[in-house]
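A short write-up of the structure that comes next.
The values are calculated or read from the model by the stated rules, or taken from the named source; none is laboratory data. Keep in mind that what you see is a predicted model, and the values were worked out from it rather than measured. Reconstructed Cβ throughout: ideal geometry from the backbone, glycine too, with neighbour counts over all protein chains shown.
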Amino acid sequence: MFAHGLETDQANQSYVQLKPKVTARWNRNWRAALSLRAEAAFDNTGLGSIDTFDEISRPLELGRDGRVEIEEATLSWRRRATRVTLGKQTFAWGVLDGLQVTDRFDAVRRREAVFTEQRPERLSKWGVRAEFDFAGTRMDMAAAIDGTADQLAVPGDAFSVSASRFRAGLPDNAPTPDLTTDISNDPTLGVRATRRFGESDASILLIHGPDTEPVFRPDGIGAALTYDTRTLVGATWQRSAGARVWRVETAMVFDQPVNLNTLPLGTDTRQRWLGGVGLDWDLRDGVFLNAQLGFDHIEGDNLVRPNTDVISTVKLQKSFANQTWLASTEILSSLSDGDGTFRPALSWQIDDRRRVQAGADLVWGDREGVFGQFKDASRVWFKTDWTL
Amino acid sequence: MQFLKPLCLCAALSVAGVSHADDASSDALALARMVADRAANEGRVGTMHFQLTSSSKRVREREALMLHSDIGVTERIAIYFTEPTVIEETAFLSFNHTSREDENWLYLPATERVRRLPAGDRGDYFLGTDLTYGDIKDNFKFSLDDWQFELGEPAQYKGALMPVLKGTARNPEIGIEMGYASFQAKIDEASGFPIWIEYTDTDGEPLKQIEILMIEPVGDAPTAIHFTAENLQTGHHTEVRFSDMRHVPDLDDSVFDPEVLAYGVPDVD
């Protein structure tokens, strides 16, 4: 992948990834999978933070710009609708795309912020998961003993955060204090129950464990990024209706850790409400529309961020030539801040082994905004995949 | 009363004309019904081999496990792709209900989630093939709710004279949804299969030809195990062949559980 900055006239991402994967099945019920991610960055564009990983999940560093990471290492047993999975894995919950309302079990790779092909880009954790049917209800229970938090771009990288809301209220031009990272040892526990009602699915869920978003706390002369435990309850619903599918999610965090605009680096826990509605619409001539609207509200005064964020996403895509070409365009915007990004892309599946893609990520808005802070990271990019 | 004679004759001729039209229409409907009521397996399983050939002769191949079950009120089809690596573990599930809207799900490994798809997408093409989602679900049948039927002149097919069934979408909306305005098909009365079908697009232009090359009994039901679909407008061609097709009458419901799509290919006896 190579991306060239439009504002800085420099490479803003340049890396090569190898993703070998092996799977084995035996005894009809057992399956093992091992998947690695080996990557090397060039042009001093970086591979993101490493100290936000729990020690048991931390990538192996190969010099300054090389890493090997275990993406999946699982042993699973299945029988009919029951599956138990042990090992390093992801836990993809929620029904919206990229708007994380209830999808908050997994940590997320944010070293390219939201400018990735899949959103969120999940980080796997060591744990155990059991999925089974109980009285017509689909149960999904998970426990992760791995405190890995979101991976971030490090200061100086193209997508390092600069808005004060993500820096405990420190403005962009203020010097960043010496930062340490304090990964939580608490497990993450979750349970989700899903039931089908005709053309609808509904689920309720509970997640208890370390937040993946840090709060800053004083730590000697610097600050520590800490990941406090919080509890989330949520619900999802989706329904197909002709050419459309509607998706709705809502969640409440009872005790969201937050930074306050008080010195030195004040913190508190507040109630947080998240919600979103999404629409998939199969338009004429194979054009597909995905539109979503989400909100994120934290109660109380003196926060380093606005009380309410309202985010919208609109994606249009169409494939051509028996799905060998795919054109897409996406607009992500903060209706509350007035910033956003426009992401056109074109993909060509040359054959079953080779694919090339090209696109742009164009950012506008205030530098204090969720998207506007990456204004200088607007870029054009080129990517090629080769499957062996 | 002489003046009544021509009126009576006209009326008689008119009734006879309606009667002939009715007969033709009911014959067409009977033929369509014979195809629609063709014996189906309660359950069958087989490996699908797709060969996709572009107009420039570039070939792509796919392999998948197909599971099919017809339990009266709902016909269920699950397709688990196993080859090539780029689409391995992708899985599609369709419920074709008789009394309510159909349901579809797709599992894409990259997203790590099973996604409910719009049910109205039956005119969209299935994973790069020349078959629509509707073609996959219809299993060489023409829904009596979607089409108005008429009989064509019997036609030769590989040395045999076969009845020809023609269909026109009941209304433009249905046509747009299916991606077809009309079809004509040569019907093999022995098996109940439309052995050769030509569809027109919603503008009435020839769009696609489907030809069944081999039918074999699976359990008690004749089953198409080798067929082709060619897009007449692009020259793209799809060949589908089944291997190891077998009757499995007691397929476990779990293989048709949307959430289980994410588990990967199931083991089926």
Original post:
Any chance the range B:233-256 includes a residue that's out of contact with any Pro (no Cβ under 7 Å at 6 or more places or on another chain), closer than 25 Å to residue B:152 by Cα and either surrounded by fewer than 17 Cβ atoms within 10 Å (Cβ to Cβ) or of a type outside the set (D, E, K, R) (or both)?
Top reply: yes
Original post:
Would you pick out the residues in the range A:315-338 that are under 23 Å from residue A:348 (Cβ atoms), outside any loop (DSSP other than H, G, I, E, B) and hydroxyl-bearing (Ser, Thr, Tyr)?
Top reply: A:319, A:328, A:329
Original post:
Which condition does residue A:346 not pass, out of (1) free of Cβ contacts under 8 Å to residues at least 24 places away in the same chain; (2) touching a helix residue (DSSP H, G or I) at 6+ places or on another chain (Cβ under 8 Å), if it passes all the others?
Top reply: (2)
Original post:
In this structure, does residue A:236 turn out to be in contact with a Ser or Thr (Cβ under 8 Å, 6 or more places away or on another chain), among the hydroxyl-bearing types (Ser, Thr, Tyr) and under 25 Å from residue B:105 (Cβ atoms)?
Top reply: yes
Original post:
Which of the residues belonging to the range B:141-154 are without any contact (Cβ under 8 Å) to a residue 60 or more places away in the chain and either assigned to a loop (DSSP other than H, G, I, E, B) or surrounded by 15 or more Cβ atoms within 10 Å (Cβ to Cβ) (or both)?
Top reply: B:145, B:146, B:148
Original post:
Restricting the range A:231-288 to residues that are among the aromatic types (Phe, Trp, Tyr) and away from chain B (no Cβ under 14 Å), which is farthest from residue A:221 (Cα to Cα)?
Top reply: A:273
**OP:** Select from the range B:53-103 the residues that are farther than 17 Å from residue B:125 by Cβ, among the hydrophobic types (A, V, I, L, M, F, W, C) and in contact (Cβ under 8 Å) with a residue 60 or more places away in the chain and write down the one among them that is surrounded by the fewest Cβ atoms within 10 Å (Cβ to Cβ).
**Re:** B:66
**OP:** Confirm whether residue A:109 is within 14 Å of chain B (Cβ to nearest Cβ), in contact with a helix residue (DSSP H, G or I) (Cβ under 7 Å, 6 or more places away or on another chain) and in contact (Cβ under 8 Å) with a residue 40 or more places away in the chain.
**Re:** no
**OP:** Find the residue count for the range A:302-314, including only residues that are free of Cβ contacts under 8 Å to residues at least 40 places away in the same chain and either assigned to a strand (DSSP E or B) or buried (at least 19 other Cβ atoms within 10 Å of the Cβ) (or both).
**Re:** 4
**OP:** For the range A:337-354, enumerate the residues that are closer than 21 Å to residue A:290 by Cβ and not aliphatic (A, V, I, L, M).
**Re:** A:339, A:340, A:341, A:342, A:343, A:344, A:347, A:349
Original post:
Residues in the range A:180-189: is at least one surrounded by fewer than 19 Cβ atoms within 10 Å (Cβ to Cβ) and within 14 Å of another protein chain (Cβ to nearest Cβ)?
Top reply: no
Subject >> Among the residues listed as A:272, A:217, the single one being at pLDDT 95 or above and among the basic types (Lys, Arg) >> reply: A:272
Original post:
Is there any pair with a first residue in the range A:140-168 that is more than 22 Å from residue A:6 (Cα to Cα) and a second that is of a type in the set (Asp, Glu) whose Cβ atoms are under 6 Å apart and which are 6 or more apart or on different chains, and what are they?
Top reply: A:140/A:131; A:146/A:54; A:147/A:54; A:148/A:54
Original post:
Residues of the range A:124-141 being among the aliphatic types (A, V, I, L, M), closer than 19 Å to residue A:85 by Cα and more than 12 Å from chain B (Cβ to nearest Cβ), which ones?
Top reply: A:128, A:130, A:141
**OP:** State all residues of the range B:104-120 that are farther than 20 Å from residue B:68 by Cβ and either crowded, with 21+ Cβ neighbours inside 10 Å or within 7 Å of chain A (Cβ to nearest Cβ) (or both); if no residue qualifies, say none.
**Re:** B:110, B:111, B:112, B:113, B:116, B:118, B:120
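Table: residues versus (1) more than 20 Å from the chain's Cα centre (by Cα); (2) on the phi < 0 side of the Ramachandran plot; (3) of a type outside the set (S, T, N, Q); (4) within 14 Å of another protein chain (Cβ to nearest Cβ).
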position: A:317; (1), (2), (3), (4): yes, yes, no, yes
position: A:323; (1), (2), (3), (4): yes, no, no, yes
position: A:334; (1), (2), (3), (4): no, yes, no, no
position: A:337; (1), (2), (3), (4): yes, yes, yes, no
position: A:341; (1), (2), (3), (4): no, yes, no, no
position: A:349; (1), (2), (3), (4): yes, yes, no, yes
position: A:362; (1), (2), (3), (4): no, yes, yes, no
position: A:370; (1), (2), (3), (4): no, yes, yes, no
position: A:377; (1), (2), (3), (4): no, yes, yes, no
**OP:** Take the range A:239-257 and flag every residue that is within 23 Å of the chain's Cα centre (by Cα) and surrounded by fewer than 21 Cβ atoms within 10 Å (Cβ to Cβ).
**Re:** A:246, A:248, A:250, A:252, A:254, A:255
Subject >> Residue satisfying all of: in the range A:19-39; under 21 Å from the mean Cα position of the chain (by Cα) and among the aliphatic types (A, V, I, L, M); nearest to residue A:87 (Cα to Cα) among these >> reply: A:36
**OP:** State all residues of the range A:271-303 that are of a type in the set (Lys, Arg) and closer than 27 Å to residue A:202 by Cα; if no residue qualifies, say none.
**Re:** A:272
Original post:
Which ones in the range A:74-89 are at the interface with chain B (Cβ under 9 Å from one of its Cβ atoms) and touching a Phe, Trp or Tyr at 6+ places or on another chain (Cβ under 6 Å)?
Top reply: A:78, A:82, A:83
**OP:** Considering each of B:250, B:244 in turn, give the residue that is in contact with a Gly (Cβ under 9 Å, 6 or more places away or on another chain), closer than 30 Å to residue A:77 by Cα and either modelled with pLDDT of 95 or more or assigned to a strand (DSSP E or B) (or both).
**Re:** B:244
**OP:** Determine if the range B:172-184 includes at least one residue that is at pLDDT 95 or above and over 24 Å from residue B:102 (Cα atoms).
**Re:** yes
